[in-house]
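What follows is calculated from the coordinates using simple rules that are stated; it is not laboratory data. The shown structure was predicted, so the numbers you read here are calculated from the model rather than taken from an experiment. Don't worry about glycine lacking a Cβ; one is built from the backbone with ideal geometry, like all the others, and counts go over all protein chains shown.
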Amino acid sequence: MKPFLQNLAQTLVSYGPLGIFLLTLIDSSGVPLPGVVDTLLVTLAAQQPAAAPLFATLAITGSLIGTMILYWLARRGGEALLDRYTSTGRGAKFRQWYLRYGLVTVFVPAISFFPLPMKVPVFCAGALGVRPLTIFSIVFTARLIRYSALAWLGAELGANSLTRILAYKWYLLGGVAALGALLVLYLWITDKRASPSPA
């Protein structure tokens, strides 16, 4: 993380619950702050277990607002703006992943406890005309699962619960992959039903 972003993250962490909201908003709107939100959410839930649902709600809300800001920026800029940022390098690779795997590339980073790129898939979805309700629903579902789980773990297991989570990283990655596969199946079935039958 760059020094400026590191200082910004440290400042916002000191804000407590408000910091969770602001950090998730910034992170989801395209400025990556890997691991900061999860750590703060678990820590605060461990310190104030009764307020864990509030902390999770703040994280979900901030993330949804940030994601939709990024989505609408891409929607307004269209494919011309998408080409500008994804024509070469990592951006091009992430765009290829999106074109191949679709909205799974949004869902998996949104639910994963491990830092995965989410900015380009959301940007692609906006620029290529995916419905806003679809993006909102996918991110809401993923963040609801992720942040509710982190808040619950913090409240039940304490501040070191994040370390315990990482000890089971392969099981978690398998779970995320399974959820991603189910989403692929759901989207495929939905597309099949929406497609007009051949005459």
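Here are some notes:
- Footprinting exposure proxy ranking of MET118, MET68, fewest other C-beta atoms within 10 angstrom first, gives MET68, MET118.
- Between ARG100 and ASN160, full extension at 0.36 nm per residue minus the direct alpha carbon distance yields a gain of 17.8 nm.
- Nearest-0.05 FRET efficiency for ARG131 and THR39, computed from C-beta distance (R0 41 Å): 0.75
- Listed from fewest to most Cβ neighbours within 10 Å, the set SER29, SER137 follows the order SER137, SER29.
- Going by neighbour counts of Cβ atoms within 10 Å, the residues LEU33, LEU128 line up, fewest first, as LEU128, LEU33.
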